[in-house]
Amino acid sequence: MAKKQFKAESKRLMDLMINSIYTHKEIFLREIISNASDAIDKLAYLSLTDDTVKAKRADLRITVAPDKDARTLTVSDNGVGMSGDELEQNLGTIARSGSLQFKADMGADEKSAADIIGQFGVGFYSAFMVADEVTVVTRRHGEETAHRWQSAGADGYTVAECEKDEPGTDVIMHIKPDTEDENYSEYLETGRLQSLIKKYSDYIRHPIRMEVEDYRQKEKPEDAGDDYKPEWETVVEEKTINSMVPLWQRPRSKVEQEEYDRFYQEKFGDWQAPLATVTTSSEGTVTFKALLFVPSATPYDFYTREYEKGLQLYSSGVLIMDKCADLLPDCFRFVKGVVDSPDFSLNISREMLQHDRQLKIIATALEKKIKNELVKLMKDDREKYEKFWSAFGRQLKYSVVDNYGSKKELLQDLLLFTTSKESKLASLAEYVERMAEGQEFIYYVCADSAAQAARLPQVERIADKGWEILYLTEEVDEFVMQALAEVSGKKLKSVSDPDALPETDEEKAEQEKQAEESKSVLDFVKETLGERIKEARVSKILKTAPVCMTADGPMSLEMEKYFAKMEGASSSPMGAMKAERVLELNPASAPFAALKAALDADDRDRAAKYVEVLYHQALLIAGLPIDDPAAYTELVCSLMN
């Protein structure tokens with residue numbers, strides 16, 4: 001029998017198919033099964049349009065049969081099959097797709113009815129990644145003659161007539177011998193084959209059958225005595241390996257939550273049920289269905305570089321990518337799930353997308369859906385939402401700040417904070433709704449804890465008015481406030497801001513008078529502390545407390561502490577970033593009066609000690625470090641003599 005040459009660039013193109021196009025050798029099984037599924041779909045479609053074609057959907061199947069002794073793996077289908085001419089055209093020309101031609105021959109309306117996977121005609125040749133010889137035995141539906149195609153690779157192929165009892169196609173792959181680097185025998189193990197079918201082809205709509213071994217207990221004999229010990233046997237039986245109908249293709253009303261929970265736990269390896277389940281679909285510019293889950297707890301590696309975000313990406317039920325990062329914004333990178341669409345423009349290996357237009361459309365829709373579902377969860381089940389917030393609130397906060405606040409509008413409705421009003425967490429919308437008449441700003445204060453925040457001297461004047469204050473207790477919180485700037489038309493304002501409270505003309509005049517009367521004291525404070533502060537001033541924000549530390553300019557004291565911590569954790573310090581510190585003094589307080597009295601008595605040494613005490617008290621209140629605690633202790637003790 002004369003060997004024929006491929007009608008393409010032969011060895012060079014075949015080498016490309018085998019060695020370059022596919023990332024993982026295991027992909028070959030997905031490709032061969034997908035081709036078998038296409039053949040069955042074609043027959044099912046023809047049976048609807050041609051009365052001479054008889055096919056019962058219940059009888060259509062794909063069979064996978066490993067043979068360790070012969071070292072062959074056979075994938076069979078009872079689909080449409082191929083004639084001799086079709087065999088020559090489809091397998092004699094690399095990169096010619098019979099499925100693509102089948103779709104091209106349809107009308108526009110018919111194309112949507114037949115969901116054919118194959119596009120490029122190269123998937124079949126992936127078999128040569130694991131096989132040193134491939135034989136195809138096929139018989140076209142409606143014909144009596146069958147044909148055998150056989151090839152050992154790029155050196156060519158043979159085609160001859162043969163016998164085959166039923167229409168359909170058998171792809172028989174002779175698996176390569178093992179090498180030091182490759183264990184090809186794994187593709188003859190039923191366990192490994194089951195795993196690959198479940199991974200890549202679980203949702204092929206036709207049953208994939210395979211004989212598997214089952215270890216089971218023998219029936220107890222009727223005459224067995226009391227000392228009978230159970231006996232076990234290995235039974236080989238044919239089973240359907242794939243699930244066929246994806247859970248996300250079923251209407252939500254037809255699926256119990258327990259099914260979703262089980263699917264999530266098995267699919268994504270989580271011992272806990274998901275906190276929330278989100279289903280969505282769209283038909284239009286891009287058709288897709290998605291099944292998404294919000295985990296109940298933060299994954300152990302969530303805040304490490306090893307964590308990979310992404311959704312599983314399917315095209316017509318066939319797994320294309322295990323983690324498609326482009327489908328999720330970073331702010332929602334904790335979401336797990338699957339997206340299935342027939343509209344993806346895949347590259348030749350079906351492992352990657354040719355361009356991302358469809359992805360962007362789907363990603364935008366999913367982002368909006370996830371946000372809406374979380375808002376709904378906050379409204380309908382606050383306890384469950386606060387559990388979500390405990391797990392992923394920090395991620396949302398950092399996402400508000402990230403990328404110059406590009407996601408702040410999306411995320412601001414999801415944020416929760418402790419406040420001065422209630423023991424429970426509050427959203428910004430709830431804060432705005434509770435704002436008192438005449439309250440102009442949304443107030444906040446930073447501290448290590450809510451209890452500490454409530455005791456800060458800067459809080460007193462705002463709290464006395466009965467106005468609610470956000471207690472910010474995480475490092476990122478102040479950056480969040482800066483990024484948001486305002487919510488619902490209300491500006492966010494630190495209680496330490498000199499303009500935190502509106503002033504009357506009388507109050508302004510009194511403030512100016514106090515500043516003028518205190519000028520000699522303030523000048524002495526600045527002279528004593530030197531470069532440690534930018535300025536000493538009469539405070540607008542203190543009521544009874546004698547002193548506090550604030551900052552001028554864009555960098556706050558909280559930001560200074562954050563960058564100091566980052567510098568300490570970094571192996572390559574970027575240099576200390578300092579706020580412009582301002583020491584604020586309350587001229588109505590007893591310590592200020594004592595300082596003024598010391599200056600009036602020309603006891604500058606004692607006055608300088610008072611300044612140092614007030615300065616260090618301000619540092620302690622602000623949570624800033626003291627350079628020399630021992631020296632400060634000695635200073636305080638010296639004043640007690």
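Summary table
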quantity: Tally, over the range 406-440, of residues that are within 16 Å of residue 480 (Cα to Cα) and open to solvent by 10 Å² or more (accessible area, probe 1.4 Å); calculated: 9
quantity: In the range 552-571, residue modelled with the highest pLDDT [restricted to those that are under 30 Å from the mean Cα position of the chain (by Cα) and not in a helix (DSSP H, G or I)]; calculated: 570
quantity: Only one of 147, 206 that is touching a Leu at 6+ places or on another chain (Cβ under 6 Å), open to solvent by less than 30 Å² (accessible area, probe 1.4 Å) and in a loop (DSSP other than H, G, I, E, B); calculated: 206
quantity: Matching residues in the range 209-263 - criterion: being touching a residue at least 40 places away in the same chain (Cβ under 8 Å) and among the small types (Gly, Ala, Ser); calculated: 243
quantity: Residue that is most open to solvent (accessible area, probe 1.4 Å) [pool: residues in the range 43-63 that are within 11 Å of residue 78 (Cα to Cα) and in a helix (DSSP H, G or I)]; calculated: 57
quantity: In the range 19-51, residue nearest to residue 140 (Cα to Cα) [restricted to those that are at pLDDT below 80 and β-branched (Val, Ile, Thr)]; calculated: 49
quantity: The range 182-201: number of residues that are of a type in the set (D, E, K, R) and touching a strand residue (DSSP E or B) at 6+ places or on another chain (Cβ under 8 Å); calculated: 2
quantity: Scan of the range 265-285 for residues that are surrounded by fewer than 11 Cβ atoms within 10 Å (Cβ to Cβ) and either among the aromatic types (Phe, Trp, Tyr) or on the phi > 0 side of the Ramachandran plot (or both), ordered by number; calculated: 269, 271, 284
quantity: Subset of the range 153-163 [open to solvent by 60 Å² or more (accessible area, probe 1.4 Å) and modelled with pLDDT under 90]; calculated: 155
quantity: Helices (runs of 4 or more DSSP H) wholly inside the range 462-548 containing at least 1 residues that are buried (at least 20 other Cβ atoms within 10 Å of the Cβ) and either modelled with pLDDT of 90 or more or in contact with a helix residue (DSSP H, G or I) (Cβ under 7 Å, 6 or more places away or on another chain) (or both); calculated: 477-484, 519-529
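The values are calculated or read from the model by the stated rules, or taken from the named source; none is laboratory data. Predicted model, so just to flag it, every value in this text is computed and none were measured. Glycine gets a Cβ as well: all are built from the backbone with ideal geometry, and neighbour counts include every protein chain shown. Remember, those area values only see protein heavy atoms, side chains included, never the ligands or the DNA or RNA. Shrake-Rupley method; radii C 1.70, N 1.55, O 1.52, S 1.80 Å.
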